[in-house]
Amino acid sequence: MFNKLRTVRFLRLQASEEAVAIGFLGRPARIARVHQEGLRDAVKPGGAQYQYPARTLLGFTDFERERIRELLLAHIAD
């Protein structure tokens with residue numbers, strides 16, 4: 001399920017002069033949020049509620065965060 005959710009088909013891009021945002025819209029967004037944050041949701045519409053464990057779908061590793069930080073600091077310093 002999550003392999004399909006990560007495809008370009010479900011990801012939406014919004015860009016402006018000041019920012020870029022990439023994410024999901026509609027039902028895929030709700031499903032992604034429930035699993036990313038480990039929320040409680042119905043297993044099926046109108047069905048029983050289940051507390052889903054948090055499962056990271058999107059994000060950065062510690063190495064990636066550090067690399068981004070280094071690149072931003074280098075860019076600002078120039």
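Taken together, the values in this text are just the output of simple stated rules run on the coordinates, not laboratory data. Bear in mind the structure is a predicted one, so any value in this text is a computation, not a measurement. Because the Cβ atoms are built from the backbone with ideal geometry, glycine has one as well, and the counts that use them run over all protein chains shown.
Restrict the check to segment 33-53 and report whether at least one residue is among the aliphatic types (A, V, I, L, M) and touching a Gly at 6+ places or on another chain (Cβ under 8 Å).
no
Can you pull out the residues in segment 2-60 that are touching a residue at least 24 places away in the same chain (Cβ under 8 Å) and hydrophobic (A, V, I, L, M, F, W, C)?
Here is the first cut: in segment 2-60, the residues touching a residue at least 24 places away in the same chain (Cβ under 8 Å) are 2, 5-6, 31-32, 35, 55, 57-58.
If the condition is that a residue be touching a residue at least 24 places away in the same chain (Cβ under 8 Å) and hydrophobic (A, V, I, L, M, F, W, C), then Phe2, Leu5, Ile31, Ala32, Leu57, Leu58 are the ones that fit.
When segment 40-54 is examined, which residues are found to be out of contact with any helix residue (DSSP H, G or I) (no Cβ under 6 Å at 6 or more places or on another chain), of a type outside the set (A, V, I, L, M, F, W, C) and surrounded by 11 or more Cβ atoms within 10 Å (Cβ to Cβ)?
Listed by number, the list holds a single entry, Tyr50.
When the residues of segment 57-78 are filtered to those that are under 22 Å from Pro28 (Cβ atoms) and surrounded by 10 or more Cβ atoms within 10 Å (Cβ to Cβ), which remaining residue is farthest from the chain's Cα centre (by Cα)?
The qualifying residue farthest from the chain's Cα centre (by Cα) is Phe60.
Exactly one condition in (1) surrounded by 14 or more Cβ atoms within 10 Å (Cβ to Cβ); (2) out of contact with any Pro (no Cβ under 6 Å at 6 or more places or on another chain); (3) not basic (Lys, Arg) is false for Glu37; which is it?
(1)
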